[in-house]
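Only one structure is covered here, and it is reproduced in the block below.
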Amino acid sequence: MAGPVSGDTEAECAGDTSSKRGGWKTFPFMIATTLGMCIASFGWVMNLIVFLIEEFHVNNIAAAKISNIVNGCLNMLPVLAAILADSFFGNIVVISASTFISLTGILLLTLIAYLDLLKPKPCETGSLLCQSPSRLQLGILYTSLVLVTTGAGGTRFALASAGANQYEKPKDQGIFFNWYFLTLFVGALTGATAIVYIQDNVSWKLGFGLCAATNLVSFIVFICGMRLYKNEKPMGSPFKSLISVVVAATVKRKAVISSKEEDYHRGLGEKDKTCPTLPSRRYRFLNRAALKTEDDLNHKDGSANIWRLCSVQEVEDFKAILRLVPLWVAIIFVSTPIVIQASLNVLQALVTDRGLGPHFKVPAGSLQVILLTSASTFIIINNWLVYPMYQKLTHKRLTPLQKIGIGQVLTILSMVVSAVVEAKRLKTVKNNGHPMSVLWLFPPLVIVGIGEAFQFPGNIELFYREFPVSLRNTATSLTSLVIGISYYLSTALIDLIQRTTKWLPNDINRGRVDYVYWVLVVAGVLNFGYFLVSSWFYNYRILEGDNELDPKDVST
């Protein structure tokens with residue numbers, strides 16, 4: 001296998017130049033923008049199921065499906081934003097446009113809440129006499145959801161890569177990622193508590209109006225910092241070179257692979273000694289893409305035909321992505337149970353006793369606050385206590401894959417606890433007819449929050465470090481893509497369970513949600529076994545000059 005390529009080396013190969021912009025002076029602008037956008041986006045999305053049920057008279061399971069689709073789009077769109085940033089505009093332009101689009105969508109959502117003619121007439125929730133929304137009302141609602149989802153999706157993980165790009169040292173980038181996730185969880189926590197409480201207890205229009213206000217502040221703050229940002233110039237579509245590797249290797253599939261350096265093509269920016277001179281032995285079929293043959297040059301000007309001849313660096317970049325695919329699949333299937341649990345928890349909360357004291361009632365949409373609080377707390381505990389203590393005892397750092405693995409185990413454990421709690425809730429309802437306290441739903445949320453404190457930072461660290469420099473925006477968006485796919489898989493799984501069993505009726509007191517959780521436990525155990533196998537065969541691309549990662553500590 002070819003020698004390791006550092007992040008700085010890849011930048012040199014790609015022709016990057018240093019800039020006087022960037023650094024820690026950009027930190028307040030990036031973090032403030034992240035905080036405001038998170039408060040705004042989580043403020044409306046966390047209570048979307050309740051809004052659809054109470055204001056648009058959508059039945060419970062249908063509302064959960066719509067919420068999953070919206071959340072899926074919210075987490076899929078960052079990939080499109082990353083592609084636009086990497087290929088054409090740069091992430092600063094994409095973030096600026098996305099914050100404005102999000103603001104437009106939230107303003108329209110506020111208008112829907114303010115004007116009675118844009119939603120059905122009020123009625124008692126669950127009554128058969130409730131009026132269904134008209135096509136015009138649904139059309140305006142869906143338009144607002146498309147706009148606010150597009151805008152929020154375009155900023156969430158683009159801000160992560162834009163912030164990390166302001167720093168040269170991997171250590172500083174790692175510190176920023178920790179602050180980014182902490183800010184994300186704090187913003188989500190604020191949106192899911194203060195904003196949701198106002199929506200439930202004061203008015204929807206005030207709640208959505210506050211979301212619009214925080215979005216506007218984020219837009220202004222980000223624009224004010226424009227002169228300070230280091231904006232990585234897009235290098236053209238990096239996906240074109242990835243596709244060309246496959247095409248060139250296929251065209252020359254009958255060529256004999258050589259072991260001589262002079263037989264392989266190196267790009268103009270790859271003459272540095274630290275750039276690879278020979279392609280690695282893994283996925284040897286792709287090595288033919290960099291193998292020089294007589295037909296590989298254009299006859300007009302003598303330049304290389306990119307569809308027949310790629311550089312060694314381009315081949316290795318493609319292999320780096322290909323090697324991550326098995327791990328990426330495993331991460332998708334562990335995120336799906338978390339998404340299903342989030343939807344079912346809202347429905348469970350609606351049929352529990354949510355009163356805490358004589359004057360306070362826990363909003364069903366705010367239940368995820370427990371998860372966010374747990375995750376935020378343990379991100380701090382991990383960075384200040386758990387990770388340093390582990391390194392002191394073992395003289396090694398926890399690798400990204402180890403963090404992801406710990407998160408997967410905790411996720412499975414939370415599903416087990418959820419199944420036990422739901423069985424107890426059903427038994428309580430059957431025996432005395434009284435709803436169980438909402439406090440019983442807290443323990444599994446705490447456990448899954450601890451798991452996310454390990455897993456999500458591990459995911460983004462893995463992809464950011466292992467992807468080529470030209471695809472850094474795409475790398476950070478992959479965590480969001482995983483979550484987005486999970487929402488669609490969860491919707492499909494819920495639909496399948498509804499079609500084949502009686503576990504998920506509209507009235508979950510007549511169903512068996514605990515059986516759903518046990519299915520997720522079994523699937524989680526199988527997926528964890530697959531993850532362990534994939535991790536065992538994975539070798540990190542060691543980042544030279546990165547003091548945060550000891551070359552002796554690259555095993556899973």
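The values are calculated or read from the model by the stated rules, or taken from the named source; none is laboratory data. Keep in mind it's a predicted model, so treat the numbers as computed, not measured. Cβ sites come from the backbone with ideal geometry, for glycine too, and all protein chains shown count toward neighbours. Accessible surface areas use protein heavy atoms only, side chains included; no ligands, DNA or RNA. Shrake-Rupley method; radii C 1.70, N 1.55, O 1.52, S 1.80 Å.
Quick look at the numbers
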{"quantity": "Translational diffusion coefficient (Stokes-Einstein; Kirkwood radius from C-alpha pairs) of segment 415-531 at 37 °C, 0.692 mPa s, in µm²/s", "calculated": "196 µm²/s"}
{"quantity": "Heavy-atom accessible surface of segment 318-539: percent carbon and sulfur, 1.4 Å", "calculated": "70 percent"}
{"quantity": "Qualifying lysines (Cα of each under 27 Å from Cα of K403; at least 8 residues distant if same chain)", "calculated": "K169, K171, K319, K392, K552"}
{"quantity": "Residue-by-residue Karplus 3J(HN,Hα) for segment 138-147, coefficients 6.51, -1.76, 1.60, Hz, glycine and proline x", "calculated": "5, x, 5, 4, 5, 4, 5, 5, 5, 5"}
{"quantity": "Solvent-accessible ranking of W179, W503, largest area first, probe 1.4 Å", "calculated": "W179, W503"}
{"quantity": "By accessible area with a 1.4 Å probe, ligands and nucleic acids excluded, highest first: order of E294, E466", "calculated": "E294, E466"}
{"quantity": "CD proxy at 222 nm, helix term only [per DSSP H run n ≥ 4: -39500 (n - 2.57); per residue of the chain; nearest 500]", "calculated": "-21000 deg cm²/dmol"}
{"quantity": "Nitroxide proxy distance, nm - points 7 Å out along Cα→Cβ at V202 and A423", "calculated": "4.4 nm"}
{"quantity": "Residues of type lysines that K121 reaches as a straight line, Cα spacing below 27 Å, ignoring anything fewer than 8 places off in the same chain", "calculated": "K65, K205, K361"}
{"quantity": "Förster-model FRET efficiency, 41 Å R0, V416 and H359, C-beta, rounded to 0.05", "calculated": "0.75"}
{"quantity": "The chain: relative contact order in percent, alpha carbon pairs under 8 Å with at least 6 residues between", "calculated": "23 percent"}
{"quantity": "Computed accessible area, I508, all protein chains, 1.4 angstrom probe, square angstrom", "calculated": "10 Å²"}
{"quantity": "Where labels lie 7 Å past Cα in the beta-carbon direction, separation of S437 and A194 in nm", "calculated": "2.9 nm"}
{"quantity": "Extension gain from E124 to K396, taking 0.36 nm per residue of separation minus the Cα-Cα distance", "calculated": "92.0 nm"}
{"quantity": "Sequence of W204, W440 from largest to smallest accessible area, 1.4 Å probe", "calculated": "W440, W204"}
{"quantity": "Rough spin-label spacing in nm, given labels placed 7 Å along Cα→Cβ, for A255 and L228", "calculated": "4.9 nm"}
{"quantity": "For the chain: Kirkwood Rh in Å [reciprocal of mean 1/r, alpha carbons]", "calculated": "25.0 Å"}
{"quantity": "Å² of accessible area per residue within the chain, as computed with a 1.4 Å probe and no ligands counted", "calculated": "44 Å²"}
{"quantity": "Within segment 414-520, trypsin sites (Lys or Arg not before Pro) in DSSP loop having at most 13 other beta-carbon neighbours inside 10 Å", "calculated": "K502"}
{"quantity": "Helix 472-500 axis, angle to the chain major axis (alpha carbon atoms, nearest 10°)", "calculated": "40 degrees"}
{"quantity": "Degrees between helix 204-224 axis and first principal axis of the chain (Cα, 0 to 90, nearest 10)", "calculated": "20 degrees"}
{"quantity": "Square roots of 5 times each gyration tensor eigenvalue, C-alpha, segment 318-539, largest first, Å", "calculated": "34, 21, 15"}
{"quantity": "Relative contact order of segment 318-539, defined on C-alpha pairs under 8 angstrom at six or more residues apart (%)", "calculated": "34 percent"}
